[in-house]
1. Which residue is farthest from the chain's Cα centre (by Cα), if the candidates are limited to region 1-11 and must be more than 16 Å from Val47 (Cβ to Cβ) and touching a residue at least 40 places away in the same chain (Cβ under 8 Å)?
2. Can you tell me how many residues within region 95-118 are over 25 Å from Glu7 (Cβ atoms) and outside any loop (DSSP other than H, G, I, E, B)?
3. Looking only at residues that are of a type in the set (D, E, K, R) and either under 18 Å from Gln147 (Cβ atoms) or in contact with a Phe, Trp or Tyr (Cβ under 6 Å, 6 or more places away or on another chain) (or both) in region 87-108, which one is surrounded by the most Cβ atoms within 10 Å (Cβ to Cβ)?
4. Restricting region 110-145 to residues that are of a type in the set (Ser, Thr, Tyr) and in contact with a helix residue (DSSP H, G or I) (Cβ under 9 Å, 6 or more places away or on another chain), which is nearest to Ile21 (Cα to Cα)?
5. Any residue in region 47-54 that is among the aromatic types (Phe, Trp, Tyr), in contact (Cβ under 8 Å) with a residue 24 or more places away in the chain and farther than 16 Å from Val13 by Cα?
6. Just a yes or no: is a residue in region 79-86 at pLDDT 95 or above, more than 17 Å from Lys129 (Cα to Cα) and loosely packed, with under 14 Cβ neighbours inside 10 Å?
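The values are calculated or read from the model by the stated rules, or taken from the named source; none is laboratory data. Note that the coordinates shown come from a computational prediction; the quantities given were computed from them, not determined experimentally. Neighbour counts run over all protein chains shown; Cβ positions are idealised from the backbone, glycine included.
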Amino acid sequence: MDVETAEDIAYLVDIHQPDRILDYGCGKGYQYLAARAHDVWGGLLPVCYDPGVPLLSIRPEGEFGGIICTDVLEHIPEGELDEVLDEIIGYVQVNGFVYFKISTIESRKVDTLGNNLHVTVRPCEWWHKRIMSHITLATVVVMKCTQ
């Protein structure tokens, strides 16, 4: 997790004072174990969930005052996005926050078949509309697009 992202989350944590945070699509969690990114926002260690990492693939239970989802959605095929967004948004408490960081360009990496790892590459406005169509509660959504 880069410094700017950690500081954005620190700002949201300061405002919302969540009891629990979920990092949805956290990878292996090294940003917390090695880099201690959570120290920037007061040390509240997120629950780490990533369906692609066997040790972190157990779905969390309950609601969270904050959700972090960085460098995840562009890896989801467009046909599966609504289901994933419903799942992510379903975890947030009323008056909680969801922080998305999404790349809007192709990845420099490809899989073993030569397919780009960013399978849904869309402009920021498209992502914003898609995400906001899933918001039904009083929730703060912060979305940053990167190139």
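1. Filtering region 1-11 down to residues more than 16 Å from Val47 (Cβ to Cβ) leaves 2-8, 10-11.
After this cut, where a residue has to be touching a residue at least 40 places away in the same chain (Cβ under 8 Å) as well, the list is 5, 8.
Numbers: Thr5: 11, Asp8: 13 Å.
Only one residue tops the list, namely Asp8.
2. Count: 2.
3. From region 87-108, those of a type in the set (D, E, K, R) are 87, 101, 106, 108; that's our starting set.
If we keep only those that are either under 18 Å from Gln147 (Cβ atoms) or in contact with a Phe, Trp or Tyr (Cβ under 6 Å, 6 or more places away or on another chain) (or both) as well, we get 101, 106, 108.
Numbers: Lys101: 22, Glu106: 13, Arg108: 8.
If we take residues in region 87-108 being of a type in the set (D, E, K, R) and either under 18 Å from Gln147 (Cβ atoms) or in contact with a Phe, Trp or Tyr (Cβ under 6 Å, 6 or more places away or on another chain) (or both), then Lys101 is surrounded by the most Cβ atoms within 10 Å (Cβ to Cβ).
4. Kept after step one, since they are of a type in the set (Ser, Thr, Tyr), are these residues of region 110-145: 112, 120, 133, 136, 139.
From what is left, the residues that are in contact with a helix residue (DSSP H, G or I) (Cβ under 9 Å, 6 or more places away or on another chain) are 120, 133, 136, 139.
Values: Thr120: 26, Ser133: 22, Thr136: 19, Thr139: 14 Å.
Checking each candidate, the answer is Thr139.
5. Here is the first cut: in region 47-54, the residues among the aromatic types (Phe, Trp, Tyr) are 49.
Right, trim to in contact (Cβ under 8 Å) with a residue 24 or more places away in the chain and you get 49.
Applying the additional criterion that residues be farther than 16 Å from Val13 by Cα yields 49.
Yes: one or more hits.
6. no
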